[in-house]
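See structure below.
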Amino acid sequence: MKLDGIHHITAITGDAPANVEFYAGVLGLRLVKKTVNQDDPTVYHLFYADEKGSPGADLTFFEYPHAARGVPGAGMVHRIVWRVASLAALDFWEQRLAAHGTARRREGENLRFSDPEGLDHELAIDQSGDAPLIADTPGVPAEHALRGFAGVHAYAQDPAASEALLAQTLGFEHDGEDRWLIEGENRHGFYRYDRPPAEHPRQGAGSVHHIAFASTMEDHEAWRQRVAAAGQRPTPVIDRFYFRSIYFREPSGVLFEIATIGPGFSSDEDAAHLGERLSLPPRFEPLRARLEQTLTPLPNPRAATVG
């Protein structure tokens, strides 16, 4: 069995309309699913990805309106690294972010910036050989578009405590000090530890909630058994309708998920109209009338894309 790279990354926002404006409008990702947090259906769960909603490019957000800013620290993913095609693409993003008032910092062949709530991002030139996962967005030429996840940085007090789980159980490959590679059949990525800051960590707006790795449907239950046999405490398999999930905390404290590739976001919407309406898994459909009255109205990014 092999995990097929990063499936998705889930973070928190306190302002869904501004979140849509930044990730769909400025970064050019496609809003592929507008649904609710299945553990708290009174709040949004927004999914951004490439044109098809593919695992490997799927950044998601729970919205807790007016949530205080989070403070990343030990046991948290704190930076998301995206692939771009070339130095020309880095130049494009440096100019586009500047035009939209986003502070950025060029570091050789990388570009660093944060979203409006402080979530840290980095763009790196793609050398993976993986198929690019690109959204079709006006104002963002395909040759410069984000191409999916390269990897993440997490904070850990004792990275060595996680070595056995990462290497022996999950099959990550050690790639130098505190960096691990996830090498699947189709997708590749990295998981890297950094020394945590002194501040006490706090979940909140602009912080990452969890990271998910991709499994085939056939292997999913076997992954759960393997994680449990390693002494971890995975949840039962949870049916999220668009995929199935198991969750557990790795020894450094980061919340991991193993999510299935499929059924996918076109399970309840036509592929040409993903993310345009509130999508509810069947068990939440009886709540539609109430949720549509209480959730904040959101723009359709495909109707009014930031230039």
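Tabulated data
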quantity: Qualifying residue in region 223-241 (condition: assigned to a strand (DSSP E or B) and either in contact with a Leu (Cβ under 9 Å, 6 or more places away or on another chain) or surrounded by fewer than 21 Cβ atoms within 10 Å (Cβ to Cβ) (or both)); calculated: yes
quantity: Meets criteria (more than 30 Å from residue 63 (Cβ to Cβ) and either in contact with a Gly (Cβ under 7 Å, 6 or more places away or on another chain) or of a type outside the set (Asp, Glu) (or both)) for residue 203; calculated: no
quantity: The listed residue being without any contact (Cβ under 8 Å) to a residue 24 or more places away in the chain and under 18 Å from the mean Cα position of the chain (by Cα), out of 256, 248, 243; calculated: 248
quantity: Residue match in region 4-22 (condition: aromatic (Phe, Trp, Tyr), touching an Asp or Glu at 6+ places or on another chain (Cβ under 8 Å), in contact (Cβ under 8 Å) with a residue 40 or more places away in the chain and surrounded by fewer than 22 Cβ atoms within 10 Å (Cβ to Cβ)); calculated: yes
quantity: Unmet criterion (only one of (1) part of a strand (DSSP E or B); (2) touching a residue at least 60 places away in the same chain (Cβ under 8 Å); (3) surrounded by fewer than 24 Cβ atoms within 10 Å (Cβ to Cβ); (4) touching a strand residue (DSSP E or B) at 6+ places or on another chain (Cβ under 7 Å)) for residue 32; calculated: (3)
quantity: Inter-residue pairs, beta-carbon under 8 Å, first farther than 22 Å from residue 123 by Cα and in region 168-197, second among the polar types (S, T, N, Q), 6+ apart; calculated: 169/232
quantity: Selection count, region 252-263, where residues are within 21 Å of residue 1 (Cβ to Cβ) and either part of a helix (DSSP H, G or I) or of a type outside the set (A, V, I, L, M) (or both); calculated: 5
quantity: Top-ranked residue of region 26-45 - restricted to ones that are at pLDDT 95 or above and in contact with a Pro (Cβ under 8 Å, 6 or more places away or on another chain), ranked as farthest from residue 96 (Cα to Cα); calculated: 35
quantity: Residue match in region 54-62 (condition: free of Cβ contacts under 8 Å to residues at least 12 places away in the same chain and outside any strand (DSSP E or B)); calculated: no
quantity: Residues of region 55-109 satisfying the condition of being at pLDDT 95 or above and on the phi > 0 side of the Ramachandran plot; calculated: 56, 75, 101
quantity: Strands (runs of 3 or more DSSP E) contained entirely in region 70-187, each with at least 1 residues that are within 19 Å of the chain's Cα centre (by Cα); calculated: 77-84, 110-114, 120-125, 149-155, 179-183
quantity: Residue satisfying all of: in region 106-160; aliphatic (A, V, I, L, M) and touching a Ser or Thr at 6+ places or on another chain (Cβ under 6 Å); nearest to residue 203 (Cα to Cα) among these; calculated: 156
quantity: Output for region 270-296, where each listed residue is in a loop (DSSP other than H, G, I, E, B) and in contact (Cβ under 8 Å) with a residue 40 or more places away in the chain; calculated: 274, 275, 276, 277, 279, 280, 281, 295, 296
quantity: Test for residue 266: is it under 20 Å from the mean Cα position of the chain (by Cα), modelled with pLDDT under 95 and either assigned to a loop (DSSP other than H, G, I, E, B) or surrounded by fewer than 18 Cβ atoms within 10 Å (Cβ to Cβ) (or both); calculated: yes
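Matching residues to (1) surrounded by 19 or more Cβ atoms within 10 Å (Cβ to Cβ); (2) over 18 Å from residue 29 (Cα atoms); (3) not small (Gly, Ala, Ser):
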{"residue": "79", "(1), (2), (3)": "yes, no, yes"}
{"residue": "84", "(1), (2), (3)": "yes, no, yes"}
{"residue": "89", "(1), (2), (3)": "yes, no, no"}
{"residue": "93", "(1), (2), (3)": "yes, no, yes"}
{"residue": "112", "(1), (2), (3)": "no, no, yes"}
{"residue": "121", "(1), (2), (3)": "yes, no, yes"}
{"residue": "131", "(1), (2), (3)": "no, no, no"}
{"residue": "143", "(1), (2), (3)": "no, no, yes"}
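The values are calculated or read from the model by the stated rules, or taken from the named source; none is laboratory data. Since we're looking at a predicted model, the values are computed, not measured. As a convention, Cβ positions derive from the backbone with ideal geometry for all residues, glycine included, and neighbour counts pool all protein chains shown.
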